[in-house]
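*Asks:* Below is a structure I'd like to ask you about.
Every number in this text was worked out from the coordinates using simple rules, so none of it is lab data. Just so we're clear, the structure is a prediction, and the values are computed from it rather than from any experiment. Every residue, glycine among them, receives a Cβ derived from its backbone with ideal geometry; neighbour counts consider all protein chains shown.
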Amino acid sequence: MLGTMLRRILAAALMASLFGPVAAQAEDTTCRNGLFADGDGFRQARVTAQRAFFYEDADFCPAGSDCRTRSYVIAGDALVVDGRRTDGFVCAFYPNEGGGTAGWLRMEDLAVLSPDAHPSPDGWLGDWTSNGNPEVTIGAKYGRFSIVGEAFWPDRPEEIDWPTIHIGEVAGELDIAGAHASYSDDNLCELELTLLADFLVISDNRRCGGVNVTFSGVYTRAQ
């Protein structure tokens, strides 16, 4: 009896030694364009360092010596971070005219703003854009919120010479609860929205249009 118990204890210890390091290595360090809006725990942040470089999400990154990229943000820049943290880095996205830059930034270079759990409903209203594609408009009438929008792949018809354009559309009621909102329709399209001070983060379920069409992204107010 004692011998059987001892063998079980030794077997359990062996399994822990084998699978413990594997579990540690399985930490998700993905942080890149196209996938950022699929995260959670979004916060707005401001750059406090004179210059803060983005770090890649490749193997052994972001802490590896060869992980720093040429892309950087400067003091005062506003950006979005999510809940992913590793080795003193946070996953961040900086919107710009080139489609935005995502990657790991050192947490010591940022001041993360406390989220407003109950923003004014008026903060949702208006035209929002993710570098021109996609775009959405949020409105309100008789106390009910609505959203309409379009997304294209690979881009808007007037922007490219392409034989086939894939299109996505949303139009309907928007259910808002504090800083979060959701949308769904009969075409099985679903959106999850998070309102920040200067940004709107939208994630969809990849069922909101044609091939490769998505509403996922970090939006700013349209000028």
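*Asks:* For region 109-223, treating each Cα as an identical point scatterer without solvent, what Debye log10 I(q)/I(0) comes out at q = 0.14, 0.15, 0.21 1/Å?
*Replies:* -0.58, -0.65, -1.15
*Asks:* Right, next: For Ala197, what residues show an amide H to amide H distance below 5 Å, using hydrogens built from the backbone and excluding near sequence neighbours?
*Replies:* Distant-sequence amide H within range of Ala197: Gln44.
*Asks:* What share of Cα pairs, in percent, lie more than 13 angstrom apart in region 36-112?
*Replies:* The share of Cα pairs beyond 13 Å in region 36-112 comes to 63 percent.
*Asks:* Identify the chymotrypsin sites (Phe, Trp or Tyr not before Pro) of region 44-110 meeting these criteria: DSSP loop state and at most 11 other C-beta atoms within 10 Å of the C-beta.
*Replies:* In loop regions of region 44-110 (DSSP not H, G, I, E or B), the sparsely surrounded chymotrypsin sites (Phe, Trp or Tyr not before Pro) are Phe60.
*Asks:* Right, another one. Summing -39500 (n - 2.57) over the DSSP H runs of n ≥ 4 in the chain and dividing by its residue number, what mean residue ellipticity at 222 nm do you reach, to the nearest 500 deg cm²/dmol?
*Replies:* That comes out to -4000 deg cm²/dmol.
*Asks:* Here's another thing I want to ask about it. Taking the Cα atoms only, what angle lies between the long axis of helix 2-25 and the longest principal axis of the chain, rounded to 10 degrees?
*Replies:* 40 degrees
*Asks:* As a test of understanding, state the convex hull volume per residue of the chain from its alpha carbons, in Å³.
*Replies:* Dividing the Cα hull volume of the chain by its residues yields 209 Å³.
*Asks:* Can you grab the distance from the C-alpha centre of region 170-221 to the C-alpha centre of region 27-62, Å, no decimals?
*Replies:* Centre-to-centre distance over Cα atoms comes out at 21 Å.
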